[in-house]
Every structure is written in structure tokens, then in C-alpha cells.
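One structure is given below, encoded as C-alpha cells.
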Amino acid sequence: MVAQVEILDPAQWERYKEIAAREIARHGGRYLARGASPEVDEADWEQPENLQVNLVAFPTMEQAHAWYTSPEYAKALAYRKGAVRRRLFFVPGVDEPGRPG
């Protein structure tokens, strides 16, 4: 999973992160990058100053989707709505079964 976030409300974002991290771990996910400031070499947009990127690996796409649709994660989403502008991508890994080669 790739999340690109522009932070609008830092206090609310901290509450979201606390719940989300717990639920990510509960669904088998682990952070590869958390709160990283990207170095952009190619882009046709202005990078916001408060932009962060999170990368999370889940064992399977099914577990990633189970995390995202879980009632527990829904509690975190309530905090996220006013905290950030976000783009969220689910991307199959190279070892994901059924992934086109």
C-alpha cells in the first residue's frame, strides 16, 4: 500500500496514526516507510511542503483490503477525514499470486 498525505491537522493526524498502526499490524502489515518526505525527481505538480509518504507491505492483497474495510480501521478513518488530504494505492507485490508478469 502506498499513501501520499498532505497534513492539514497534525493533532488529528497523530490520533489517526495511532489507531491505523495498530490495525495495520493486526492485519499482518508492516511499515516500509512511515512519514517519509519524498525526494521528487520527476513530477508535473508542485510538491506541498507538508507532504509525507507511507509504504506498507501486507502478506496479500486480501489482507490489505481486510484491513481497509475493517470496523476497527473505520474508527481511524473518522480522524483522517479532517486531518489530511490523501491518495491511497493498493499495489500487488512481485510475489503476489495471480499478478501478471
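Residue-by-condition table, conditions (1) of a type in the set (Lys, Arg); (2) in contact with a Ser or Thr (Cβ under 6 Å, 6 or more places away or on another chain); (3) closer than 22 Å to Ile7 by Cα:
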residue	(1), (2), (3)
Phe58	no, no, no
Met61	no, no, no
Ala66	no, no, no
Ala74	no, no, yes
Ala83	no, no, yes
Arg86	yes, no, yes
Val91	no, no, no
Val94	no, no, no
Being part of a loop (DSSP other than H, G, I, E, B) and without any contact (Cβ under 8 Å) to a residue 40 or more places away in the chain is the filter here, so list the residues in the stretch 45-96 that pass it.
-> Trp45, Glu46, Gln47, Glu49, Pro59, Thr60, Thr69, Pro92, Gly93, Val94, Asp95, Glu96
Go through the residues of the stretch 40-63 one by one and say whether even a single one is touching a His at 6+ places or on another chain (Cβ under 8 Å) and at negative phi.
-> yes
Would you confirm whether any residue within the stretch 20-35 is of a type in the set (A, V, I, L, M, F, W, C), open to solvent by 40 Å² or more (accessible area, probe 1.4 Å) and at pLDDT 95 or above?
-> yes
Only one of Glu42, Glu23 that is in a helix (DSSP H, G or I) and of a type in the set (Asp, Glu) = Glu23
Residue that is open to solvent by less than 50 Å² (accessible area, probe 1.4 Å), touching a His at 6+ places or on another chain (Cβ under 6 Å) and of a type in the set (A, V, I, L, M, F, W, C), where the choices are Trp67, Trp13 | Trp67
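Could you check the stretch 36-50 and list, in sequence order, the residues that are open to solvent by less than 70 Å² (accessible area, probe 1.4 Å) and of a type outside the set (Gly, Ala, Ser)?
Initial filter on the stretch 36-50 (open to solvent by less than 70 Å² (accessible area, probe 1.4 Å)): 36, 38, 40, 43, 48, 50.
Result: Pro38, Val40, Pro48, Asn50.
The values are calculated or read from the model by the stated rules, or taken from the named source; none is laboratory data. Only a predicted model underlies this, so the values are computations on that prediction, with no experimental measurement involved. A quick note on method: Cβ atoms are made from the backbone with ideal geometry, for glycine too, and the neighbour counts reach across all protein chains shown. Surface areas here come from the heavy atoms of the whole protein model, side chains and all, with no ligands, DNA or RNA. Shrake-Rupley method; radii C 1.70, N 1.55, O 1.52, S 1.80 Å.
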